[in-house]
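The values are calculated or read from the model by the stated rules, or taken from the named source; none is laboratory data. Computed from a prediction, not measured in an experiment: that's the story for all the values here. Here the Cβ positions follow ideal geometry from the backbone for every residue, glycine too, while neighbour counts run over all protein chains shown. For accessibility, only protein heavy atoms count, side chains too; no ligands or nucleic acids. Shrake-Rupley method; radii C 1.70, N 1.55, O 1.52, S 1.80 Å.
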Amino acid sequence: MKILRASLPIWLGVIAGTIVILALFFKQPTGIGTTANWFMQWNVILASFALTLGAGNVLRVHGNRIRLKSSNWGYSWVTVIGLTSYLLLGVIAGRTNTAYSWVFDNAYTPLSATVFSINAFYLSSACYRAFRARNGHAALLLISGVIVMLGSVGIGYAIWPGFTEIKTWIMNIPNSSAMRGMNIGAALGIMGVSLRVVMGLERGHLGGE
Amino acid sequence: MVELVAGTTGKLVFLVTFIVLFFYFVNRTAQGHKLVIRRIAGFDALDEAIGRCTEMGRPVHYTFGIGVLDANVLASFDVLSYVAGQCARLNTDLIVTNALGEVQMMTEEIVRGAYVNAGKPDEYKADNVRFVSNIQTAYMSAILGIFQRERPGANLMMGPFYAESMMLAEAGAQIGAIQVGGTGRVIQVPFFIAACDYTLVGDELFVAGAYIARKPIQVGAIYAQDFGKWLTLVLVVLGTIMSTAGNSAINDLMKK
């Protein structure tokens, strides 16, 4: 059992990771590509099964709240009924059923759009806080932010056509350079973490060893 | 018979160089050479955030974002392990929300392990490690609800974030939570910078294991990453100068 818990996951990671990396660089032998595809398909299959564990967790957490009548337990009923009824509808009637599509189109889609639309207000309030010129850096952020905003809308061009040119320069030169620098750093970081996992040196995902 | 995929020779050379550097520095640390990592404010702020929650009697909220199980999540596990350990020691509730089904079991194991290591296995609350949804808007709604109902004093967001970064960070700021954000998805970093108290930029999230746990092997790996950065910088500068002078040798090497 100890081998199963400690060594097997590491070796599976080492083997799968090495084969998938090799398949990126080598066409031959053909077995490498086939095995890498096989591992990646298994990844999708396992992730799909894992979703069931997630649904189980939702039912357990909210079931406990209802059982113990914790605060706001009424909301838990909404979650449990919503999850189970839509699941049953999908399993019994099928995904092409009209009722199944109706619930998706008339409940999920508008609710989803509503939640997303709140982002505009959050973005505005975040900009307001970030753009307060408390120090030199914040003042620089404020100035460049205002120029980019004015350069992106028609009224900015109407006030002064130079806004558009300065905005283009800010986006293409300092912004692109900084983003590319961060991207290179992040890519190297990803390589570092991936190598540590593939070599069995990173074990945080095995329960904080 | 071994045959290379066209256009990957340059990348393979870079990867092999990186692996050689990686082993060199891991060996150096294994032999007892002390390698130093600069201070990272985002990680130093974790104790401050958890301590604040303890004083206020509020929970800590931790989430990974909606992306797939990748290097961001693996790096985030080290941070979660540390945060869970500190919460266990300080008797502060930790709420972990998850959008990734495949990560749920690992998350439970990590948090439970941290409580066991802190000598408080009975304090672990399984219902506080919650899978909320793998759908972005449902995931955001669930966390916004947690913010309003359970009022966490700290909001820690480390992992592969997409558009939810802005909404979660700003909602966290509005309930007065101290916030630390970190992601390798560079496009989301500006949102964290605008709304969070501390942000891990670029590769900072990926040094979590080395910085927080001070594991020597991982510290060695960070040095390899830094050398990789220098190597990239040299290639960029050299490539720019040579291209300007009409010599495309480095460009051709990277395209091979």
Next on the checklist: With every protein chain left in place and a probe of 1.4 Å, what is the accessible surface of B:Cys196, to the nearest 10 Å²?
Outcome noted: 20 Å²
Checklist outcome for this item: Dividing the helical contributions, -39500 (n - 2.57) per DSSP H run of n ≥ 4, by the residues of chain B yields a 222 nm value, nearest 500 deg cm²/dmol, of -19000 deg cm²/dmol
Checklist outcome for this item: Summed over the other residues with a beta carbon less than 12 angstrom from that of A:Ala186, with K and R at +1 and D and E at -1, the charge totals 0
Item to check | Positive minus negative residues near A:Ala50 (Lys, Arg vs Asp, Glu; Cβ under 14 Å) | outcome: -3
Next on the checklist: List the residues, sorted by chain then number, that are 5 or more residues from B:Ala177 or on another chain and whose placed amide H is less than 5 Å from its amide H.
Outcome noted: none
Checklist outcome for this item: Residues whose modelled amide H sits under 5 Å from the amide H of A:Glu202, counting only those 5 or more places away in sequence or on another chain, are A:Val197
Checklist entry - Longest span of chain A, sites excluded, free of trypsin sites (Lys or Arg not before Pro) in DSSP loop with at most 13 other C-beta atoms within 10 Å? => result A:135-209
Checklist entry - Carbon and sulfur together cover what percent of the accessible area of region A:5-62 at a 1.4 Å probe radius? => result 76 percent
Checklist entry - In region B:1-50, which trypsin sites (Lys or Arg not before Pro) fall in coil by DSSP and have 14 or fewer other Cβ atoms within 10 Å? => result B:Lys34, B:Arg38, B:Arg39
Item to check | Over chain A, relative contact order from alpha-carbon pairs under 8 Å, at least 6 apart, % | outcome: 19 percent
Item to check | Alpha-carbon centroid distance for the pair region B:132-166 / region A:1-66, whole angstrom | outcome: 25 Å
Item to check | Rough spin-label spacing in nm, given labels placed 7 Å along Cα→Cβ, for B:Arg149 and A:Val14 | outcome: 4.5 nm
Next on the checklist: Using a 10 Å cut-off around each Cβ of peptide B:135-142, what is the average number of partner chain Cβ atoms that fall inside?
Outcome noted: 4
Checklist outcome for this item: Quick calc: nm separation of the 7 Å Cα→Cβ label points for B:Leu35 and A:Leu111 -> 4.9 nm
Checklist entry - Tell me, what ³J(HN,Hα) does each residue in region B:222-228 have, in order and in whole Hz, if you take phi through Karplus 6.51 cos²θ - 1.76 cosθ + 1.60 with θ = phi - 60° and put x for Gly and Pro? => result 5, 5, 5, 4, 5, 5, x
Checklist entry - Can you work out ³J(HN,Hα) from phi for every residue in region B:136-150, in order, using Karplus 6.51 cos²θ - 1.76 cosθ + 1.60 and θ = phi - 60°, giving whole Hz and x for Gly and Pro? => result 4, 5, 5, 4, 5, 4, 4, 6, 4, x, 4, 4, 6, 8, 9
Checklist outcome for this item: Averaged per residue, the 1.4 Å probe accessible area of region B:199-256, protein heavy atoms only, in Å², is roughly 51 Å²
Checklist entry - HN-Hα J couplings of region B:100-111 from phi, Karplus 6.51/-1.76/1.60, θ = phi - 60°, integer Hz, Gly and Pro as x? => result 10, x, 6, 9, 4, 5, 5, 4, 4, 4, 5, 5
Checklist entry - In peptide A:173-186, what is the residue-averaged number of other protein chain Cβ atoms found within 10 Å of each Cβ? => result 5
Checklist entry - Which whole-number value in Å² is the accessible area per residue of region B:56-163, probe 1.4 Å? => result 31 Å²
Item to check | Within straight-line cross-link reach of B:Lys125, lysines at Cα separation under 29 Å, skipping those fewer than 8 residues along the same chain | outcome: A:Lys2, A:Lys69, B:Lys215
Checklist entry - Residues with amide H under 5 Å of B:Tyr62's amide H, sequence separation 5 or more or different chain, H placed in the peptide plane at 1.01 Å from N; which? => result B:Ile95, B:Val96, B:Thr97, B:Leu156
Item to check | Surface per residue (accessible, 1.4 Å probe) for region A:39-180, Å² | outcome: 70 Å²
Checklist entry - What is the magnitude of the charge dipole of the protein assembly as shown about its Cα centre, with +1 placed on the Cβ of each Lys and Arg, -1 on the Cβ of each Asp and Glu, and no other charges, expressed in debye to the nearest 20? => result 340 debye
Checklist entry - Around B:Ser141, what is the net charge, scoring Lys/Arg as +1 and Asp/Glu as -1 over all other residues with Cβ under 14 Å from its Cβ? => result +1
Item to check | Candidate residues B:Thr63, B:Thr17: accessible-area rank, largest first, probe 1.4 Å | outcome: B:Thr17, B:Thr63
Checklist outcome for this item: Here the percent of antiparallel bridges among DSSP beta bridges lying wholly in the protein assembly as shown, to the nearest 5, is 10 percent
Checklist entry - What length, rounded to one decimal in nm, is gained on full extension from A:Ser70 through to A:Arg95, with 0.36 nm per residue of separation minus their alpha-carbon distance? => result 5.5 nm
Checklist entry - Over region B:102-194, what percent of the accessible surface lies on carbon and sulfur atoms, probe 1.4 Å? => result 54 percent
Item to check | Residue-averaged 222 nm ellipticity for chain A, from DSSP H runs of 4+ at -39500 (n - 2.57), nearest 500 | outcome: -27000 deg cm²/dmol
Item to check | A versus B: buried accessible surface, summed, Å² (probe 1.4 Å, to nearest 100) | outcome: 5500 Å²
Item to check | Most to least accessible of A:Ser144, B:Ser165 (protein chains only, probe 1.4 Å) | outcome: A:Ser144, B:Ser165
Item to check | Order of exposure, largest accessible area first, which applies to A:Trp160, A:Trp73 with probe 1.4 Å | outcome: A:Trp160, A:Trp73
